[in-house]
Structures are given as C-alpha cells and as structure tokens.
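Peer 1: The following block contains the structure, expressed as structure tokens.
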Amino acid sequence: MNEHLDNPQSIKWPDRPKEFPELMTPVEAAMFLRLDETGHSPESARRTLDYWRDRGELRATKYARHVWYLKSELQKFLGNKTEEGAR
C-alpha cells in the first residue's frame with residue numbers, strides 16, 4: 001500500500017516561502033494561516049479551507065479549474081477571527 005494513504009500525517013509540506021505572493025494556492029494559503037504548524041497535513045488543511053469557504057467565512061477565487069486565495073482575503077479572514085479583546 002501507499003505509505004501516504006496509511007499515514008496521511010507523513011505527507012510533507014513544501015518549504016515555507018519567505019514572502020507570500022498576492023495570489024496563493026491552497027497549500028500556500030494554508031501555510032499563510034499557519035495550518036502547517038497546527039498538526040494538519042496539506043490535505044487536511046485543504047479540507048479545512050474548503051470548510052471555511054463552504055460556510056462563507058473565507059472567500060476564494062476560482063479560475064482555470066483551480067481555487068486560489070488572495071492575500072487580502074486571507075488577511076480579512078484573520079481579522080474576522082481575531083478576538084475583540086486582542087485588538
């Protein structure tokens with residue numbers, strides 16, 4: 001069997017970019033939100049992004065049969081998740 005299917009946590013994240021682009025892939029967006037530091041695999045992080053999109057909490061851009069995330073939308077999402085007392 002495929003080792004990655006047996007243990008999804010064994011799938012490696014790519015190197016973290018020094019600077020994130022304005023338009024990000026789901027994996028880059030997950031790293032921008034630091035999901036790679038919270039025990040997620042790239043696939044589980046993608047499912048988490050999909051969950052937030054489906055709930056209308058996070059907006060994405062779809063074109064060329066792919067989903068992309070604008071840095072400004074990710075920053076807005078983080079702002080909405082920030083606790084009132086922490087501002």
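The values are calculated or read from the model by the stated rules, or taken from the named source; none is laboratory data. Since we're looking at a predicted model, the values are computed, not measured. Neighbour counts run over all protein chains shown; Cβ positions are idealised from the backbone, glycine included. Accessible surface areas use protein heavy atoms only, side chains included; no ligands, DNA or RNA. Shrake-Rupley method; radii C 1.70, N 1.55, O 1.52, S 1.80 Å.
Peer 1: Take the Cβ-Cβ distance between residue 23 and residue 80 as r, set R0 to 35 Å, and report the resulting FRET efficiency rounded to the nearest 0.05.
Peer 2: Calculated value: 0.95.
Peer 1: With a 1.4 Å probe and all protein chains kept in place, how much accessible area does residue 76 have, in Å² rounded to the nearest 10?
Peer 2: Looks like 100 Å² after rounding.
Peer 1: In terms of modelled amide H atoms, which long-range or inter-chain residues lie less than 5 Å from the amide H of residue 58?
Peer 2: Amide H to amide H, under 5 Å and 5 or more residues apart or across chains, residue 58 pairs with 53.
Peer 1: I'd like to check one number: the per residue accessible area of the chain, probe 1.4 Å, reported in Å² as a whole number.
Peer 2: 73 Å²
Peer 1: Then there is this: Could you put 73, 83 in order of accessible surface area, largest first, with the 1.4 Å probe and the full protein assembly present?
Peer 2: Solvent-accessible surface, decreasing: 83, 73.
Peer 1: Would you work out if the chain is rounded, prolate or oblate? Take a ≥ b ≥ c from the square roots of the eigenvalues of the alpha-carbon gyration tensor; rounded if a/c is under 1.5, else prolate when a/b is larger than b/c, oblate otherwise.
Peer 2: Prolate, because a/c is 1.5 or more and a/b exceeds b/c.
Peer 1: Next question, about the same structure. Of the residues 64, 45, 30, which exhibits the maximal mean-square fluctuation in a Gaussian network model of the chain defined by a 10 Å Cα contact cut-off?
Peer 2: 64
Peer 1: Taking R0 as 35 Å, what FRET efficiency do you get between residue 59 and residue 12 from their Cβ-Cβ distance, rounded to the nearest 0.05?
Peer 2: It comes to 0.80.
Peer 1: When the helices in the chain are scored as -39500 (n - 2.57) per DSSP H run of 4 or longer and the sum is shared across all residues, what 222 nm value do you end up with, to the nearest 500 deg cm²/dmol?
Peer 2: Mean residue ellipticity, 222 nm, calculated: -11000 deg cm²/dmol.
Peer 1: Another one. Expressed as an acute angle from 0 to 90° and rounded to the nearest 10, what is the orientation of the C-alpha long axis of helix 42-54 relative to the principal long axis of the chain?
Peer 2: 40 degrees
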